[in-house]
Ligand SMILES: C[S@@+](CC[C@H](N)C(=O)[O-])C[C@H]1O[C@@H](n2cnc3c(N)ncnc32)[C@H](O)[C@@H]1O
Ligand SMILES: [Zn+2]
């Protein structure tokens, strides 16, 4: 991790959201980077510490849950020659979590960096061309200050690197450790691109930090789509560019039906505080699965600019104060209504956690209740494309 990341992302503690973070170097890497270390919150009464592993800061709120579920991925050997690794993996069943996660990792790598299948080359280029076009027309460098981008749900980081080419710097966040590590490896040479493990539901950055925010194909593969969209809108500066693409390919494996943002709802939410600059109803997003298969999703792709005065309203409501509960000043704590236990299980499913490190249920934190319910009406449930799309699951 480059220590300047703390400043240009205006990073805050993922636990109290009030404190800044201080880096403690364990093992230094090349050029002032931190290979392994700790980020510690400076807020009195918090002091939360989160690790930097393999250069990747892991800035999740609930470290115990994350460590107990992703530990196996973080510690997985990567030093074996491919042929020996393949021998080790060969006996695993197709639905084994390692096989699924490796397959998805390979898919995102191929989608972000690989040459497209010749037959699909035309379609494959359109998604990136839309993004390049929107960035070229509506974002860029500004004299006198740094421009910064956020790629939420970055997977292997190809679009984070694109952001970093158009702006001064960009950060990609994702909950899958191995995807984030792959992103850092793939994009290590890209100037200005950085990666960390963090939850897009509550990204650990101050409000109005970013000039551009990408939410690419993430809303329908996350546990709490409204909360993710709300948080990302909040991270964006006034006048900043939000690019949302989604095939609305929801699945109850990742999110509860009541939490799905329909196509009209998405456009309505954007219209409140954003000026829509570009809107493509059906843009092909191609995800290579293997040498003889590509999945094509027809995504709605919108580029929109945040209006002045936006930000007061929110998809979510503020938390209810509960006597006796320690609250931190900037923590909005806006979990959608409903059963927080169910919510947590959904979230665990979304990052493929259930099979690993299952822990007993703990009572929900009472401050995090309450939300106005939105009328539903959504796009189709995830269709039978097989499991090419993810995304995240080791289920
Ligand atoms: C379908 S993939 C899209 C990847 C990339 N944006 C693209 O368009 O190729 C969705 C990604 O979002 C990540 N994701 C889902 N929920 C997330 C959350 N709450 N916070 C951060 N990442 C999340 C998944 O791990 C996955 O890598
Ligand atoms: Zn803190």
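Does the stretch 62-73 contain any residue that is within 16 Å of ligand 1 (Cβ to nearest atom), closer than 16 Å to residue 204 by Cα and part of a loop (DSSP other than H, G, I, E, B)?
Yes.
Each row is one residue, and each column tells you yes or no for (1) at pLDDT 95 or above; (2) touching a helix residue (DSSP H, G or I) at 6+ places or on another chain (Cβ under 6 Å).
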{"site": "19", "(1), (2)": "no, no"}
{"site": "25", "(1), (2)": "no, no"}
{"site": "31", "(1), (2)": "no, no"}
{"site": "49", "(1), (2)": "yes, no"}
{"site": "56", "(1), (2)": "yes, yes"}
{"site": "64", "(1), (2)": "yes, no"}
{"site": "78", "(1), (2)": "no, no"}
{"site": "92", "(1), (2)": "yes, yes"}
{"site": "101", "(1), (2)": "no, no"}
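Can you find even one residue in the stretch 161-174 that is over 22 Å from residue 30 (Cα atoms) and within 11 Å of the chain's Cα centre (by Cα)?
Checking the stretch 161-174: at least one residue is over 22 Å from residue 30 (Cα atoms) and within 11 Å of the chain's Cα centre (by Cα).
Could you please let me know if residue 211 is more than 24 Å from residue 107 (Cα to Cα), at pLDDT 95 or above, crowded, with 23+ Cβ neighbours inside 10 Å and in contact with a strand residue (DSSP E or B) (Cβ under 8 Å, 6 or more places away or on another chain)? Talk me through it step by step, then tell me what you get.
Values: more than 24 Å from residue 107 (Cα to Cα): yes; at pLDDT 95 or above: yes; crowded, with 23+ Cβ neighbours inside 10 Å: yes; in contact with a strand residue (DSSP E or B) (Cβ under 8 Å, 6 or more places away or on another chain): yes.
Yes.
Residue 252 passes all but one of (1) within 14 Å of ligand 1 (Cβ to nearest atom); (2) in contact with a strand residue (DSSP E or B) (Cβ under 9 Å, 6 or more places away or on another chain); (3) in a loop (DSSP other than H, G, I, E, B); which number fails?
(1)
Within the stretch 148-195, can you find the residues that are out of contact with any strand residue (DSSP E or B) (no Cβ under 6 Å at 6 or more places or on another chain), over 25 Å from residue 71 (Cβ atoms) and near ligand 1 (Cβ under 10 Å from one of its atoms)?
158
Starting from residues that are more than 24 Å from residue 155 (Cα to Cα) and within 22 Å of the chain's Cα centre (by Cα), keep the ones in the stretch 42-56 and report whichever is surrounded by the most Cβ atoms within 10 Å (Cβ to Cβ). Before the answer, list the steps.
Here is the first cut: in the stretch 42-56, the residues more than 24 Å from residue 155 (Cα to Cα) are 42-49.
Subsequent filtering for residues that are within 22 Å of the chain's Cα centre (by Cα) retains 48-49.
Numbers: 48: 17, 49: 15.
Among them, the one singled out is 48.
Can you find a residue that is surrounded by 23 or more Cβ atoms within 10 Å (Cβ to Cβ), assigned to a strand (DSSP E or B) and in contact (Cβ under 8 Å) with a residue 40 or more places away in the chain anywhere in the stretch 159-166?
No: the stretch 159-166 contains no residue that is surrounded by 23 or more Cβ atoms within 10 Å (Cβ to Cβ), assigned to a strand (DSSP E or B) and in contact (Cβ under 8 Å) with a residue 40 or more places away in the chain.
Would you check if residue 75 is closer than 21 Å to residue 151 by Cβ and either in contact (Cβ under 8 Å) with a residue 40 or more places away in the chain or out of contact with any strand residue (DSSP E or B) (no Cβ under 7 Å at 6 or more places or on another chain) (or both)? Quick ask: steps written out before the conclusion?
On the way: closer than 21 Å to residue 151 by Cβ: no; either in contact (Cβ under 8 Å) with a residue 40 or more places away in the chain or out of contact with any strand residue (DSSP E or B) (no Cβ under 7 Å at 6 or more places or on another chain) (or both): yes.
The answer is no for residue 75.
Is it the case that residue 32 is more than 22 Å from the chain's Cα centre (by Cα) and surrounded by fewer than 21 Cβ atoms within 10 Å (Cβ to Cβ)?
yes
Could you list, in sequence order, the residues of the stretch 22-34 that are in contact with a strand residue (DSSP E or B) (Cβ under 8 Å, 6 or more places away or on another chain) and within 12 Å of residue 3 (Cβ to Cβ)?
Within the stretch 22-34, 22, 23, 24, 25, 28, 29, 34 meet the criteria.
Among the numbered criteria (1) surrounded by fewer than 19 Cβ atoms within 10 Å (Cβ to Cβ); (2) within 15 Å of ligand 2 (Cβ to nearest atom), which one does residue 16 miss?
The number of the failed condition is (1).
Quick one: is residue 245 assigned to a loop (DSSP other than H, G, I, E, B) and either modelled with pLDDT of 95 or more or within 16 Å of ligand 2 (Cβ to nearest atom) (or both)?
Numbers: assigned to a loop (DSSP other than H, G, I, E, B): no; either modelled with pLDDT of 95 or more or within 16 Å of ligand 2 (Cβ to nearest atom) (or both): yes.
Answer is no for this residue.
Taking the stretch 18-51 as the region of interest, how many residues are away from ligand 1 (no atom under 16 Å from the Cβ), closer than 14 Å to residue 198 by Cβ and either in contact (Cβ under 8 Å) with a residue 40 or more places away in the chain or part of a strand (DSSP E or B) (or both)?
Within the stretch 18-51, residues that are away from ligand 1 (no atom under 16 Å from the Cβ), closer than 14 Å to residue 198 by Cβ and either in contact (Cβ under 8 Å) with a residue 40 or more places away in the chain or part of a strand (DSSP E or B) (or both) number 3.
Would you mind stating whether residue 144 is surrounded by fewer than 22 Cβ atoms within 10 Å (Cβ to Cβ), more than 18 Å from residue 198 (Cβ to Cβ) and free of Cβ contacts under 8 Å to residues at least 12 places away in the same chain?
For residue 144, the condition - surrounded by fewer than 22 Cβ atoms within 10 Å (Cβ to Cβ), more than 18 Å from residue 198 (Cβ to Cβ) and free of Cβ contacts under 8 Å to residues at least 12 places away in the same chain - is met.
Residue 220 fails exactly one of the following numbered conditions: (1) over 22 Å from residue 159 (Cα atoms); (2) in a helix (DSSP H, G or I); (3) near ligand 1 (Cβ under 9 Å from one of its atoms). What is the number of that condition?
Among (1) over 22 Å from residue 159 (Cα atoms); (2) in a helix (DSSP H, G or I); (3) near ligand 1 (Cβ under 9 Å from one of its atoms), the lone unmet condition for residue 220 is (1).
Residue 233 is checked against (1) over 12 Å from the mean Cα position of the chain (by Cα); (2) surrounded by 24 or more Cβ atoms within 10 Å (Cβ to Cβ); (3) in a loop (DSSP other than H, G, I, E, B) and fails just one. What number does that condition carry?
Of everything listed in (1) over 12 Å from the mean Cα position of the chain (by Cα); (2) surrounded by 24 or more Cβ atoms within 10 Å (Cβ to Cβ); (3) in a loop (DSSP other than H, G, I, E, B), residue 233 misses just condition (3).
The values are calculated or read from the model by the stated rules, or taken from the named source; none is laboratory data. Everything numeric in this text was worked out from a predicted model, so none of it was measured. Methodologically, a virtual Cβ is constructed for each residue, glycine included, from the backbone with ideal geometry; neighbour enumeration extends over all protein chains shown.
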